[in-house]
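Novice: Before I ask anything, here is the structure I am working with.
The values are calculated or read from the model by the stated rules, or taken from the named source; none is laboratory data. As the structure is a computational prediction, the values presented were derived from the model and not from experiment. Here the Cβ positions follow ideal geometry from the backbone for every residue, glycine too, while neighbour counts run over all protein chains shown. Ligands, DNA and RNA are excluded from the accessible area calculation, which covers all protein heavy atoms including side chains. Shrake-Rupley method; radii C 1.70, N 1.55, O 1.52, S 1.80 Å.
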Amino acid sequence: MLRYIYGNDLARRPVLKHTMYRDRAVQFAERLHWAVTVDENGEEHDEYDAMNPLYVIWENADGTHGGSMRFLPTSERTMVNDHFSNLLNGERIESPYIWECTRFVLGQQATPRVAAAMMLAGGELMRAFSLTHLLGVFDPRMVRIYSMIGASPEVLGSAGTGRDKISVGLWPFRPEDRARVLRRAQVTSDQSEAWFDLSFGQSIQAMQKVA
Amino acid sequence: MEQAEALEQIQDLTVQLRDMFAVDHVVYHWLSADGEQYGFGTYDPVWVKHYVENDYIRIDPVIIGCFQRFHPVDWRQLDWSSRAAKAFRKDAIGYGVGNQGFSFPIRGPNGQLALLTTSHTTDDASWDDFIQANQREWILIAHFLNRKVLSLAAQRRPEPIRQLSPREVEALTFLGMGHGRAQVAELLNISEHTLRAYIESARFKLGALNTTHAVARAVGEGLIVVGGAAREASGGWPGREDE
């Protein structure tokens, strides 16, 4: 299932929390060799985790992490503006309608379905909170995954080559994408709304019906 | 004296917002991490006094549910299940706060929370409609009002307009020249979706509620020059003063 959870609520789900940070270490440190910090528990954290971001997490049936990503509004300090504005020719994108999406990670047994569920969740956030775009940082492997699930971002800039290439891109809110992403994620519209409501109380039902 | 004038200005803005949105109340509430608070708005002053005296800040589900969050909050989503919260709600309704509410939280750098809230007495379906129609605008208004309060609280001139990025300048310049969005996107060789991101970002930096207002402000602040390459020119233009 999909969970939407702020950083300061993660402590209530220690297994989910640990396996998420652990999977991040595997993906970013071990596989991609990014210059990230891994602590003595094998977990990868950075300064943006300390800013109480909102995480979207796919929770496996056994309560472990299946995939996740991290959101912060670009009206606050963000990783893209702090570290990747060189990929945008020095542009700083700042708007409460544009949230940055970073640390997109898939668990080691994740199926394509999980990646699609992540994209679905991004769309639900945009729909519920009147966002216009998500702004992401990603590696070439993710470009292939995004394209496979039919949710390719518009790339604004890249640096590096081959495996080390890193890109910044935008996903606009397109209500018509929802039906396709639901199908790829093998999730019904009602399920998705129920998961959202479980995390946020209740809200998405009241917003526009799009699927 | 200056301070008093400033406070009055914010108070007036909440009244204007209330009238503009045709709701019972509009309130701006600011809290520091250690519980210092101040606010402006249209609530009955007797309720405000009562709220402070009863230290309701500690049990108010709106405060608890918005603290350290950055998404807009419909009060119906909050946890009103405790006995204290139920009593608080009954008390608030008794003082005319209303049975519905909607708040947008803005986080400060040191754990501060600023909230722009509207509350109203109406049924669920009408409140759904209200939020759907106004949520997007409310988010921007909350940010702009918060900027104003913070600059007044610091007793300094309004924050200088933030620098626009090159893409934002180009987008607004073309729009100011009267090109449509599709044309501007084509001129900049980006999609219309991406153009929109630059326009949204420029609006936010300029404190503008719509694109026309953004263009007007950018022109007024000298951030863009509509109508030619004068910005790039290095001198000798009639009427251009030496710098």
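Novice: Pick out, from segment A:110-193, the helices (runs of 4 or more DSSP H) lying fully within it that include 1 or more residues that are touching a Gly at 6+ places or on another chain (Cβ under 7 Å).
Specialist: Those helices (runs of 4 or more DSSP H) span A:112-128, A:177-185.
Novice: Which of the numbered conditions does residue A:197 fail, given that it passes all the others? Conditions: (1) more than 13 Å from the chain's Cα centre (by Cα); (2) in a helix (DSSP H, G or I); (3) more than 14 Å from chain B (Cβ to nearest Cβ).
Specialist: In the conditions (1) more than 13 Å from the chain's Cα centre (by Cα); (2) in a helix (DSSP H, G or I); (3) more than 14 Å from chain B (Cβ to nearest Cβ), residue A:197 misses (3) alone.
Novice: In addition: When segment A:80-109 is examined, which residues are found to be outside any helix (DSSP H, G or I), of a type in the set (Val, Ile, Thr) and within 14 Å of chain B (Cβ to nearest Cβ)?
Specialist: Here is the first cut: in segment A:80-109, the ones outside any helix (DSSP H, G or I) are A:84, A:89-109.
Then keep just the ones that are of a type in the set (Val, Ile, Thr); that gives A:93, A:98, A:102, A:105.
Residues satisfying the conditions are A:93, A:98.
Novice: Looking only at segment A:158-175, count how many residues are at pLDDT 85 or above and more than 10 Å from chain B (Cβ to nearest Cβ).
Specialist: Step one: list which residues in segment A:158-175 are at pLDDT 85 or above, which gives A:158-161, A:165-175.
With more than 10 Å from chain B (Cβ to nearest Cβ) added as a condition, the list becomes A:158-161, A:165-168, A:175.
So the answer is 9.
Novice: Okay, next question. Select, from A:77, A:113, A:178, the only residue that is at the interface with chain B (Cβ under 9 Å from one of its Cβ atoms), in contact (Cβ under 8 Å) with a residue 24 or more places away in the chain and basic (Lys, Arg). Before the answer, list the steps.
Specialist: On the way: A:113 fails: at the interface with chain B (Cβ under 9 Å from one of its Cβ atoms); A:178 fails: at the interface with chain B (Cβ under 9 Å from one of its Cβ atoms).
Of A:77, A:113, A:178, the one residue that is at the interface with chain B (Cβ under 9 Å from one of its Cβ atoms), in contact (Cβ under 8 Å) with a residue 24 or more places away in the chain and basic (Lys, Arg) is A:77.
Novice: Continuing with this model, one more query. Restricting the search to segment B:94-113, which residues are without any contact (Cβ under 8 Å) to a residue 12 or more places away in the chain and within 19 Å of residue B:24 (Cα to Cα)?
Specialist: Across segment B:94-113, the qualifying residue is only B:94.
Novice: Exactly one of these conditions fails for residue B:14: (1) open to solvent by less than 30 Å² (accessible area, probe 1.4 Å); (2) free of Cβ contacts under 8 Å to residues at least 12 places away in the same chain. Give me its number.
Specialist: Only one criterion in (1) open to solvent by less than 30 Å² (accessible area, probe 1.4 Å); (2) free of Cβ contacts under 8 Å to residues at least 12 places away in the same chain is unmet by residue B:14, namely (2).
Novice: Report whether or not residue A:155 is within 14 Å of chain B (Cβ to nearest Cβ) and open to solvent by 10 Å² or more (accessible area, probe 1.4 Å). It would help to see each step written out before you state the result.
Specialist: Working: within 14 Å of chain B (Cβ to nearest Cβ): yes; open to solvent by 10 Å² or more (accessible area, probe 1.4 Å): yes.
So residue A:155 fits the description; yes.
Novice: OK, next. Would you pick out the residues in segment B:34-64 that are within 13 Å of chain A (Cβ to nearest Cβ) and either assigned to a loop (DSSP other than H, G, I, E, B) or open to solvent by 20 Å² or more (accessible area, probe 1.4 Å) (or both)?
Specialist: Let us first name the residues in segment B:34-64 that are within 13 Å of chain A (Cβ to nearest Cβ), namely B:61-62, B:64.
Within segment B:34-64, just B:64 meets the criteria.
Novice: Consider residue A:28 against the criteria (1) in a loop (DSSP other than H, G, I, E, B); (2) within 23 Å of residue A:139 (Cα to Cα); (3) touching a residue at least 24 places away in the same chain (Cβ under 8 Å); (4) open to solvent by less than 30 Å² (accessible area, probe 1.4 Å): it satisfies all of them except one. Which criterion is unmet?
Specialist: (1)
Novice: When the residues of segment B:162-202 are narrowed to those that are part of a helix (DSSP H, G or I) and among the charged types (D, E, K, R), which ends up farthest from the other protein chains (Cβ to nearest Cβ)? Step through it out loud before you land on a result.
Specialist: Filtering segment B:162-202 down to residues part of a helix (DSSP H, G or I) leaves B:166-176, B:181-188, B:192-202.
The next check asks that each one be among the charged types (D, E, K, R); those that pass are B:167-168, B:170, B:181, B:186, B:192, B:196, B:200.
Numbers: B:167: 5, B:168: 8, B:170: 11, B:181: 13, B:186: 15, B:192: 9, B:196: 6, B:200: 4 Å.
The qualifying residue farthest from the other protein chains (Cβ to nearest Cβ) is B:186.
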